[in-house]
1. Taking only Cα atoms and a 10 Å spring cutoff, compute GNM fluctuations for the chain and point out the largest among Thr205, Thr334, Thr11.
2. Tell me, what HN-Hα J-couplings in whole Hz come from the Karplus equation 6.51 cos²θ - 1.76 cosθ + 1.60 at θ = phi - 60° for each residue of segment 25-42, using x for Gly and Pro?
3. With every protein chain in place, what's the accessible area of Lys316 (1.4 Å probe, Å², nearest 10)?
4. Name the most mobile residue of Phe28, Phe41, Phe112, meaning the one with the largest mean-square fluctuation, in a Gaussian network model of the chain with Cα contacts below 10 Å.
5. Keeping all protein chains in the complex and leaving out DNA, RNA and ligands, what accessible area do you get for His369 with a 1.4 Å probe, in Å² to the nearest 10?
6. Straight-line reach only, C-alpha to C-alpha below 19 angstrom: list the lysines that Lys192 could link to, leaving out same-chain residues fewer than 8 apart.
7. Tell me, rounded to the nearest percent, the portion of alpha carbon pairs in segment 1-119 spaced more than 25 Å apart.
8. So, in Å, what gap is there between the alpha-carbon centers of segment 136-161 and segment 268-310?
Amino acid sequence: MNELYHLLLRTERERNLYEQARELAARFHERAAWHDEYGEFPFANFRDLKQAGFLSLTVPKQYGGEEISLYEFLLVQETIAQGDGATALSLGWHLGILLSLAVTKKWPEPVFARICREVVEKQVLLNSAHSEKATGSPARGGKPETTAEFRNGRWVISGRKTFASLAPALDYFIISATIEATGEIGNFLVPKTASGLTIEKTWNTLGMRATRSDDILLDNVEVEEEALVEIIGTPKAGQPAQGWLLHIPACYLGIAIAARNEAIRFAKAYQPNSLPHPIAEVPEVQRKIAQMDIQLMNARHFMYAIADQWDRYPEKRAEMKEELAAVKYTATNTAVNVVDLAMRIVGGQSLFADNPLQRYYRDVRAGLHNPPADDITVSIVAKRALQ
Ligand SMILES: Cc1cc2nc3c(=O)[nH]c(=O)nc-3n(C[C@H](O)[C@H](O)[C@H](O)COP(=O)(O)OP(=O)(O)OC[C@H]3O[C@@H](n4cnc5c(N)ncnc54)[C@H](O)[C@@H]3O)c2cc1C
């Protein structure tokens, strides 16, 4: 067994999922440079994921899905990200939302059941578009400037959303909006076919380019009354923590593993004519390889241990907010450090456009701006310690 997974694959089911994800990741790796260069959504990868039945992995069994655990979900995410980080992050939003809804049961059951069936039978895709220019990260509690008004038995939604990953591939957008009559914030399930909904191609970024996290424009978009699927309360102590968000650290650790593997491959193969052996035998290179692996062990065993706790002890979940945030903090910063070490091992070759390391370098930067941001984590961890 691969030395990165020998302690982590504990069951036959985990091994099967990992092998399936590995096979898909190998195909995605071949396409990643092109999608990144042209900033195109990886439709071919999603066709493969659909064919493999991966879009329903987190759908509960009662609705025909696989109902994988959080731990298994992270194994899939981390492995897919080794092939293509943008595909993994995009898949993670979709699978994570389904996992979260199955646990929290926040949506009316008939609506959730219908969406689950559509995911299983038609492999539809969904994601949240919560971010806006004026609010920044929704995790900070800003109020959406997108509005929803109830008129003649239908909701009418207007506004602009930013950072909507998978925009061109989505079948459903989950749009947060301020309800004009009450001032409450609601989540609305909006089909891509709704008239007045358009995508503006704003996503021309340094990293995670193939996620196509474009802007969504809503111009008097009319949806049925049942489209209001959830009223979002104000975050308060005791509210369930969001284990599903660990798909984010899993994704960035997967990218870091890809960088580590590329550096090791290079170190074993590269023998400059000033040396009688490949650079893998140089003590300084070995030190950097060990540093990468020790940092990865720290971050990955922490992440998988917390996911395992989440799966085993549902009654403890409300008390895990700080640990979940610390996993994301540790993983995304580790990913940045590991890619940096990998590039130092490879040297100047890592800067060339046809070298995957430069893409990993750009992609891991995005992790710092996925929720929760480091300053939020630092604040909640310190607050708990000082209580
Ligand atoms: C690759 C990628 C994919 C994404 N996909 C999605 C998606 O599918 N759906 C979605 O809804 N969003 C998505 N996001 C958006 C993400 O969740 C954030 O909303 C977005 O990155 C904006 O965060 P920010 O840190 O730039 O903004 P801000 O939160 O505004 O932070 C910017 C700066 O201002 C400071 N700041 C702002 N407000 C405060 C405050 N109240 N207190 C203290 N400091 C403050 C911060 O510390 C930081 O320095 C994605 C982001 C990325 C990078």
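The values are calculated or read from the model by the stated rules, or taken from the named source; none is laboratory data. Quantities reported herein were computed from a predicted structural model and do not represent experimental measurements. Note that each Cβ is placed from the backbone with ideal geometry, even for glycine, and that neighbours are counted across all protein chains shown. To get the accessible areas, we keep the full protein, side chains included, count just its heavy atoms, and leave off ligands, DNA and RNA. Shrake-Rupley method; radii C 1.70, N 1.55, O 1.52, S 1.80 Å.
1. Result: Thr11 has the largest fluctuation of those listed.
2. Result, rounded to whole Hz: 4, 5, 5, 5, 4, 5, 9, 4, 5, 5, 4, 5, 4, 8, x, 9, 5, x.
3. 100 Å²
4. Result for the chain, Cα springs under 10 Å: Phe112 fluctuates most.
5. Its accessible surface works out to 140 Å², give or take rounding.
6. List returned: Lys50, Lys122, Lys161, Lys201.
7. Working: 1843 of 7021 pairs.
Roughly 26 percent, once rounded to a whole number.
8. Going from one Cα centre to the other spans 47 Å.
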